[in-house]
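Peer 1: One structure follows; several queries about it will come next.
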Amino acid sequence: MTALAAFGIGLATAVILLVLVWIIQLFTRNAGLVDVVWSAAVGILGAEYALAGDAPGITRVLLAALALTWAFRLAGYLAVRMRGAPEDSRYAAARKAWGRRADLYMLGFFIFQAVVAAVLSIPFLVVAYMPEAPAIWVVLLTLLVWFVSVVGEGTADAQLKAFKSRPENAGKVCREGLWRYSRHPNYFFESLHWVSYVVLAIGAPYWWATLGSPILMAWLLLKVSGIPTIEGKDAADKREGHDEYVRTTSAFIPWPPKR
C-alpha cells in the first residue's frame with residue numbers, strides 16, 4: 001500500500017470515529033466525548049500506518065507502541081475526568097452561540113478535528129515508510145524525549161487532579177509541582193511529545209514533513225483551543241490569585257517563577 005493510500009484510510013478512520021461521536025452527542029448533549037475519542041483516534045492512525053507501511057518491522061512495532069501508549073494514556077485520563085461531569089464549558093458556550101444550527105456546526109467542527117488528527121499523524125506515516133531502521137542513537141534519543149514528555153504530561157495531569165480534589169482549593173490557582181514553573185505544563189509536554197517522532201524519523205526521505213506536527217500542536221494549544229479558552233477575560237474573576245500567577249509564571253515552557 002502506498003503512503004498516500006494509507007493516509008486516505010487514516011483520514012477516513014478519523015472522520016468515521018468523530019462522526020460517530022457526533023451522533024452520540026445528539027442524544028447525550030455532551031460533546032466532551034470528542035476529546036477522548038480524538039486522542040484515541042490519533043493513536044489508532046499510528047497503528048494503522050505501522051501495519052500498512054513497509055519500514056523494517058522493528059521500526060513499525062516501535063512506532064505503534066509509542067503512538068498507542070501515548071494516545072490511550074491521554075484518552076483514559078480524559079475519559080475519567082469527563083465521567084459524570086457536565087459538558088465542557090467550551091462546547092456548552094459554542095452550542096449556545098450557534099443556537100438552532102448548533103448540531104450542524106458541531107458536525108463540521110468534529111470533521112475539522114478529524115482532519116487535524118490526520119495532519120498531526122503525518123510523522124507516523126513518515127516513520128512507517130522509512131526505507132531503513134533508524135540508528136540506535138536515534139532510537140535511544142526518541143525514547144528519552146518520548147518518556148520525558150509522556151511522564152511529564154501524566155505528572156502534570158495527576159498534580160492538577162489532586163489539587164482540585166481538595167475542597168479548600170476550590171476557585172484557586174494550582175501552583176504545586178510542575179504548575180509552579182509553568183501555567184500549562186501539560187500543554188508543554190504534549191507539544192514535546194510530537195518531537196519524539198521528529199527524532200525517530202531522522203534519516204527518512206521526507207523527514208522534513210515531521211516538523212509541522214509539534215509546531216501545529218504548540219500553536220493550537222497556545223493560540224486556539226488551549227490557553228485562550230482557559231485564560232480568557234473572565235479567568236481573573238473565577239480563580240483566586242490568577243493575575244499574580246500570570247505575572248510571575250511562564251505560560252508554557254517550565255521556568256523558575258519571577259519574584
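The values are calculated or read from the model by the stated rules, or taken from the named source; none is laboratory data. Just so it is clear, the model here is predicted, and its values are computed rather than measured. Glycine gets a Cβ as well: all are built from the backbone with ideal geometry, and neighbour counts include every protein chain shown. Only protein heavy atoms, including side chains, enter the accessible area calculation; ligands, DNA and RNA are left aside. Shrake-Rupley method; radii C 1.70, N 1.55, O 1.52, S 1.80 Å.
Peer 1: Just how many % of Cα pairs in the range 1-84 lie over 18 Å apart, if you round to the nearest whole percent?
Peer 2: Percent of Cα pairs beyond 18 Å in the range 1-84: 49.
Peer 1: Separation between the Ala12 and Ile253 pseudo-spin-labels, each 7 Å from Cα along Cα→Cβ, expressed in nm?
Peer 2: Placing both labels 7 Å along Cα→Cβ, they lie 4.3 nm apart.
Peer 1: Helix 102-120 against the longest principal axis of the chain: what's the angle in degrees, Cα atoms only, rounded to the nearest 10?
Peer 2: Orientation of helix 102-120: about 50 degrees from the principal axis.
Peer 1: Would you please report the Å³ per residue occupied by the convex hull of the alpha carbon atoms in the chain?
Peer 2: Once divided by residue count, the hull of the chain is 126 Å³.
Peer 1: So, by mean Cβ neighbours within 10 angstrom, what's the order for 97-106, 168-177, 186-195, 26-35 with the highest one leading?
Peer 2: Taking the mean over residues of other Cβ atoms within 10 Å, the ranking is 186-195, 26-35, 168-177, 97-106.
Peer 1: Could you tell me how many degrees, from 0 to 90 and to the nearest 10, lie between the Cα long axis of helix 89-98 and the main elongation axis, the longest principal axis, of the Cα atoms of the chain?
Peer 2: The two axes meet at around 90 degrees.
Peer 1: Is the C-alpha gyration tensor of the range 47-189 telling us rounded, prolate or oblate? Criteria: a/c under 1.5 is rounded; beyond that, a/b larger than b/c is prolate, otherwise oblate.
Peer 2: Judged from the Cα gyration tensor, the range 47-189 comes out oblate (a/c at least 1.5, b/c at or above a/b).
Peer 1: Same structure, new question: Carbon and sulfur: what percent of the range 105-259's accessible surface (1.4 Å probe)?
Peer 2: Solvent-exposed carbon and sulfur of the range 105-259 make up 68 percent of the total.
Peer 1: Give, in nm to one decimal, the length gained when the segment between Phe72 and Ile58 is fully stretched (0.36 nm per residue of separation minus the Cα-Cα distance).
Peer 2: Working: separation 14, 0.36 × 14 = 5.04 nm, distance 2.11 nm.
Taking Phe72 through Ile58 to full extension adds about 2.9 nm, to one decimal.
Peer 1: Same structure again: Regarding the range 31-75, what is the average projected area of its C-alpha convex hull, in nm²?
Peer 2: So the mean shadow area of the Cα hull is 2.7 nm².
Peer 1: Something else: Using only the alpha-carbon atoms, how far is helix 136-165 inclined from the longest principal axis of the chain? Give it as 0 to 90 degrees, nearest 10.
Peer 2: Computed tilt is about 20 degrees.
Peer 1: Over the range 124-249, with the other protein chains present, what is the accessible area per residue in square angstrom, probe 1.4 angstrom?
Peer 2: Details: 6400 Å² over 126 residues.
Result: 51 Å² per residue.
Peer 1: List the residues whose amide H sits under 5 Å from the amide H of Lys172, counting only those 5 or more places along or on another chain, with H placed 1.01 Å from N in the peptide plane.
Peer 2: Amide H neighbours of Lys172, under 5 Å, 5+ apart: Glu240.
Peer 1: Can you show me the helix-derived [θ] at 222 nm for the chain, built from DSSP H runs with n ≥ 4 at -39,500 (n - 2.57) apiece and divided by the number of residues, rounded to the nearest 500.
Peer 2: Roughly -22500 deg cm²/dmol at 222 nm, from the helical runs in the chain.
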